[in-house]
Amino acid sequence: MPLYSLYIYDRTGTCLFYEQWQRKRQAVNLKEEQKLVYGLLFILKQFSQKLSPKQPTDGFQRFTTNTYKMHYLETPSGIRFVITTDTSVGDLKDVLRHIYGQFFVELVVKSPSYQPGAPIQTEGFSTALNQFVRTLPFFS
Amino acid sequence: MATKNYQRIGEVTFSRMEKVNAELFTLTYGAVVTQLIKDYENIDEVNKQLDKMGYNIGCRCIDEYFAKSNAGRCNDFKDAAEALSKVGFKMFLGINARVQSFNADNTEFSVVLDENPLADFVELPDHLLRSNLSFSNIISGVIRGAFEMAMFRVETRFVKDQLRGDDVNEIRVILKELLEEKAPQDDD
């Protein structure tokens, strides 16, 4: 049950962070791919809001294709967390929330070297995230 | 939709927050203001700097607010005012704030603080009392920053300050614009 990759975006669509683990097919152009993913998220959110029988909605949470699953968390402050995994992985809402609360807030937002809107440079974040990811039951 | 119990959320979140010594916090803040006054020699500029520092803090602490309180998105400006006073002030400063004096269109309100931990032990000397120093201006900056991240562009200012002999501290928050998400830019 592999875990493929993680993207973090801010509200303007800047990709703050990207990391990949068991990704089998590499992106041809990573920058381009990050932009495409953001565009997709943006449209999918608007689309799901338009279709929603109730307003307001929190948008979508995941979608599945026959080869992968994309899990999505958008915070009310506009930070977006995206994880792609194999289709057999279940709900990752708590994992995404954990990454937000325990790592993003504690190690990025509180770090003086982090400039909002700029890619994450703080080393502690990447290390802690990698450690955490390796403890996940589906990481194999 | 049922309104959320912000009072309770505030208390639970406060109990989970890391605490610092209140005296240390107050004295540090006092030292910052004193240094700013020395450096800028111009009170308007000091107010501006405090506001700017607050704004930068607000832009960051909004994420801590959402991550730790689990309070979720605010439905409207009124809801945001409640969340600010009952959860925001409680979790970051440990105090209770009240919201009052909404205008007719619900675009302006006042946050009233009966106590202000930033101003404990503080007495303004005469020459500063005569100036228009807003000692705790950092708070209004924080509110401005945090609200902007939650898609409300607001203006904030102190209208009452206990350091100037008012009975309470009051910050007026005025909604200027509801921000909207912008579509990603096409770059080619």
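The values are calculated or read from the model by the stated rules, or taken from the named source; none is laboratory data. Nothing here was measured: the structure is a model prediction, and the numbers come from that model. Heads up, the Cβs are rebuilt from the backbone with ideal geometry, glycines too, and the neighbour counts pull from every protein chain shown. Ligands, DNA and RNA are excluded from the accessible area calculation, which covers all protein heavy atoms including side chains. Shrake-Rupley method; radii C 1.70, N 1.55, O 1.52, S 1.80 Å.
Within segment A:23-39, residues that are small (Gly, Ala, Ser) reach partners that are open to solvent by 50 Å² or more (accessible area, probe 1.4 Å) with beta carbons closer than 6 Å, at six or more positions or on different chains, in the pairs A:Gly39/B:Pro184. When B:Leu36, B:Leu24 are checked against the criterion of being open to solvent by less than 50 Å² (accessible area, probe 1.4 Å), out of contact with any Pro (no Cβ under 7 Å at 6 or more places or on another chain) and without any contact (Cβ under 8 Å) to a residue 40 or more places away in the chain, B:Leu36 stands alone in meeting it. Being modelled with pLDDT of 90 or more, more than 14 Å from chain A (Cβ to nearest Cβ) and closer than 24 Å to A:Glu74 by Cα holds for only one residue in B:Val154, B:Val173, and it is B:Val154.
In segment A:13-29, the qualifying residues are those that are closer than 24 Å to A:Ala118 by Cα and more than 15 Å from the chain's Cα centre (by Cα), and the one that is nearest to the other protein chains (Cβ to nearest Cβ) is A:Asn29.
Selection over segment B:99-135 of residues that are open to solvent by less than 80 Å² (accessible area, probe 1.4 Å), among the hydrophobic types (A, V, I, L, M, F, W, C) and without any contact (Cβ under 8 Å) to a residue 40 or more places away in the chain gives a count of 3. Scanning segment A:95-140 for residues that are β-branched (Val, Ile, Thr) and open to solvent by 40 Å² or more (accessible area, probe 1.4 Å) returns A:Thr127, A:Thr135. For segment A:75-94, the candidate set comprises residues that are more than 8 Å from chain B (Cβ to nearest Cβ) and open to solvent by 20 Å² or more (accessible area, probe 1.4 Å); within that set, the residue that is farthest from A:Tyr9 (Cα to Cα) is A:Ser88. Inclusion of B:Ile37 among residues that are part of a helix (DSSP H, G or I), of a type in the set (A, V, I, L, M, F, W, C) and away from chain A (no Cβ under 14 Å) is warranted. Is it fair to say B:Lys19 is within 19 Å of B:Ser136 (Cβ to Cβ) and either open to solvent by 90 Å² or more (accessible area, probe 1.4 Å) or at pLDDT below 85 (or both)? Taking the combined requirement at face value, the residue does not satisfy it.
Pick out, from segment B:85-188, the helices (runs of 4 or more DSSP H) lying fully within it that include 1 or more residues that are within 30 Å of A:Gly39 (Cα to Cα).
The qualifying helices (runs of 4 or more DSSP H) are B:137-149.
When segment B:39-74 is limited to residues that are of a type in the set (S, T, N, Q) and free of Cβ contacts under 8 Å to residues at least 40 places away in the same chain, the one that is surrounded by the fewest Cβ atoms within 10 Å (Cβ to Cβ) turns out to be B:Asn42. Against the list (1) away from chain B (no Cβ under 12 Å); (2) open to solvent by 60 Å² or more (accessible area, probe 1.4 Å); (3) under 15 Å from A:Leu16 (Cα atoms), the condition A:Thr67 fails is (3).
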